[in-house]
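Computed from the coordinates by the stated procedures, all read-outs in this text should not be read as laboratory data. Values in this document were obtained by computation on a predicted structure and should not be read as measured data. Cβ placement follows ideal geometry from the backbone for every residue including glycine, while neighbour counts extend to all protein chains displayed.
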Amino acid sequence: MHCRTGGYCRFSFIAIPRWGILGACIATTSSYFVSAFLLFRKFYSSTPFNWKDYMVSKEEIQLLKQKLSKK
């Protein structure tokens with residue numbers, strides 16, 4: 001078993017026997033969430049972007065609506 005986050009292995013050893021497939025689902029989902037958060041935090045700290053650079057603007061929404069309405 002590969003452990004990206006140390007807490008995942010400990011949690012999965014507790015959650016899976018206790019809750020079965022639901023425990024596996026919770027352990028895996030929480031592991032992916034923590035991994036994504038850590039990767040995003042590393043990316044955010046190493047780039048010059050701001051939070052609002054990641055948000056969809058009104059102009060982008062209008063452009064998407066225009067593109068979808070043409071089809």
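What the table shows:
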{"quantity": "Rel. contact order, % - alpha carbon contacts under 8 angstrom, at least six apart, the chain", "calculated": "22 percent"}
{"quantity": "Candidates S45, S30, S57: whichever shows maximal mean-square fluctuation once the chain is modelled as a Gaussian network with Cα springs under 10 Å", "calculated": "S57"}
{"quantity": "Percentage, to the nearest whole number, of Cα pairs in the stretch 8-71 over 13 Å apart", "calculated": "73 percent"}
{"quantity": "Helical segments meeting 27 Å axial Cα length and Kyte-Doolittle 1.0 threshold in the chain (DSSP H)", "calculated": "21-46"}
{"quantity": "Around T47: net Lys/Arg minus Asp/Glu count, Cβ-Cβ under 12 Å", "calculated": "+1"}
{"quantity": "The stretch 4-71: chymotrypsin sites (Phe, Trp or Tyr not before Pro) in DSSP coil with no more than 11 other Cβ atoms inside 10 Å", "calculated": "F49"}
